[in-house]
Amino acid sequence: MASRPSYVHGASARPLLGVTISECLRQTIARFPKRDALVVRHQGIRWTYAELGARVDRLAASLLRLGLNPGDRLGIWSPNCAEWVLTQFAAAKAGIILVTINPAYQLRELEFVLKHVGCRALVLAPVFRGNDYLGMLQSLAPELRSAPPGHLQAARLPDLQLVIRLGREATPGIFNFDDLLPEPEAAERARLAEVETALQADDAINIQFTSGTTGLPKGATLSHHNILNNGRYVVEAMRFTEHDRLCIPVPLYHCFGMVMGTLGCITHGACMVFSGEAFDPRSVLEAVQAERCTALYGVPTMFIRILEDPEIGRFDLKSLRTGIMAGAPCPVEVMKRVVEQLHMSEITIAYGMTETSPVSFQSAWDDTIERRVSTVGRIQPHLEAKVVDASGRVVPRGTKGELLVRGYSVMLGYWNEPERTAEAIDRARWMHTGDLATIDEDGYGNIVGRSKDVVIRGGENIYPREVEEFLFQHPRIQEVACVGVPDQRNGEEVCACVVLRPGATCTEEELRAYCQGQIARYKIPRYFRFVDKFPMTVTGKIQKFILRKQVADELGLQEVRTA
Ligand code: AMP
């Protein structure tokens, strides 16, 4: 008998939501006005859905009053905080496209993203973990110092007009976030209502940057329909209701926080609990205990660090029931300990990518532990997936190939890059994930590798090409190749293998210092190796898999067991 093809469809009797984010939020506020919506521990904030809704309306009205229009791009560059959540929902209400900027970005990366999508406005924290955001912006736009707020004209950032900062201090040329929360006047309310009614679920509402194998980051452009539905089905796989309280230690700039987290919660009236401005294991334990959280999100590295906390035993974590581990393969032992020590017996595994909203496969709350450690679950409701060979033909079940995903979740495209979009999404609307997978007879997916050149370090994707292009500008470097090497804690780390110019000398410290302040800290290679030459194919391509093995052996690093 011929084997079944590796094609699956998530048939579902639960129709997709055909509404905008703002309509969904409005309905949830109407149903659960008094229930907790948002708890931000490090800011001492606790708001009900009615309170959250009132602030969102005020901020949305202010954004329109300040001259932003539906379809404009508004960047946000900040660690997790209440203002981030307000900005997300206010922008969605006013039809303004939220551009989420990685808090680890440095000068070059900030300049690139602001220009690439033409941000008219930017909300930013003044400083975070030694990163002087205001200072970096001022060095890109020194005109801020003399421009009236809202009227910036900067040579290097021609689209940026309006800058809004968090915190109390005043900065020339910049609005303070808190000043944008006054009660709107009747005419402003009327304008907001008019804008909201005109919005369509298929409008673009969010741009998230994903780095590319070809160097510069790409702006994955997502609609209300994409991300609202994805957030909703993701939390439904965990059986969420309005009684759930989700601890979100993952960053908001990424889809894990702002789609699976905040949007997921508003579809069911659940409470979003932020444990800190960035991940910290102790503050997660404290938040879960104090807020009686029922669910917890994290990439495998975060769960490893939580389990490593020497005082874990003194916390009452029995309220936990479920959650998601995603972003990278989960080591088996970690999964077992999460179920036992964190009481997350219904934890699920999710697999996806930013371009597909993100989640396309997720395990069920009642899948056997065996399934939950060895697969990424089954296809999500309403989505389709297939596994194809190098010529694009569907392979039989159990055979390895590239994973393709189709359905409501596939992004609108990469911002202003029709060619790169066409490389990723084919004529039949399949998104080519670049991940190698198998689908078994029962429809369970397994991610077995990647056809794209990416290193996943503690849940952050690093594209070697981007780091190589940066290092290549160093005057003493002749050739450079970056590879991922195994790491017990972060899954992988970047190792840069460098061939110096003839006669040149250079130290590891010098190269590290060269990267500092220019590229995000997580992209700076953990290891630098100086080599004479690279293993090459006959056609002159670097054989990265050989290089990877060579350096891993030299460094004495062992593979991480994930199944
Ligand atoms: P991002 O766009 O940042 O969400 O990263 C997406 C990539 O992360 C995918 O293409 C996969 O390579 C990887 N990934 C996400 N979830 C998983 C998972 N559960 N297991 C293995 N790899 C994953």
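Read-outs throughout are calculated quantities, based only on the coordinates presented, and are distinct from any laboratory measurement. None of these values were measured; they are calculated from a predicted model. Virtual Cβ from ideal backbone geometry, glycine too; neighbours counted across all protein chains shown.
In segment 1-133, the ratio of gyration radius to Kirkwood radius, Rg to Rh, stands at 1.10 when only Cα atoms are counted.
Semi-axes of the equivalent ellipsoid for segment 456-555, computed as √(5λ) from the eigenvalues of its C-alpha gyration tensor and ordered from largest down, come to 20, 18, 12 Å.
Taking every DSSP bridge with both residues inside segment 21-341, close to 30 percent are antiparallel. Close amide H partners of Leu500, meaning residues 5 or more places away or on another chain with modelled amide H under 5 Å apart, are Gln478, Val531.
Ellipsoid semi-axes for the chain, based on the Cα gyration tensor and the rule √(5λ), read 35, 31, 24 Å when sorted largest first. Beta bridges from DSSP with both residues in the chain: antiparallel share about 60 percent, rounded to the nearest 5.
Across segment 188-269, counting alpha-carbon atoms alone, Rg and Dmax equal 15.2, 46 Å.
Helical content alone sets the calculated 222 nm signal of the chain at -8500 deg cm²/dmol, taking -39,500 (n - 2.57) per DSSP H segment of four or more residues and averaging over every residue. In this structure, the pairs whose alpha-carbon distance is over 19 Å, taken from Lys218/Lys523; Lys218/Lys541; Lys386/Lys541; Lys386/Lys549, are Lys218/Lys541; Lys386/Lys541; Lys386/Lys549. As a size descriptor, the averaged projected area of the C-alpha convex hull of segment 21-341 was calculated at 16.4 nm². Near Arg55, once Lys and Arg are set to +1 and Asp and Glu to -1 for all other residues with Cβ below 12 Å from its Cβ, the sum equals -3. What residues of segment 291-317 lie in the reach of a label at Arg489, counting those whose backbone N is under 20 Å from a point 7 Å from the Cα along Cα→Cβ? Residues 298-313 fall inside that zone. One chain, two ends: Ala54 and Ala364. Fully extended at 0.36 nm per residue, the span grows by 108.0 nm beyond their Cα-Cα distance.
Taking Cβ atoms as reference points and 14 Å as the exclusive limit, the residues near Glu419 contribute a net charge of -1, counting Lys and Arg as +1 and Asp and Glu as -1. Summing charges over neighbours of Met536, with a neighbour being any other residue whose Cβ is under 12 Å away from its Cβ, gives +2 when K and R count +1 and D and E count -1.
Of all DSSP-defined beta bridges confined to segment 5-133, some 35% are antiparallel rather than parallel.
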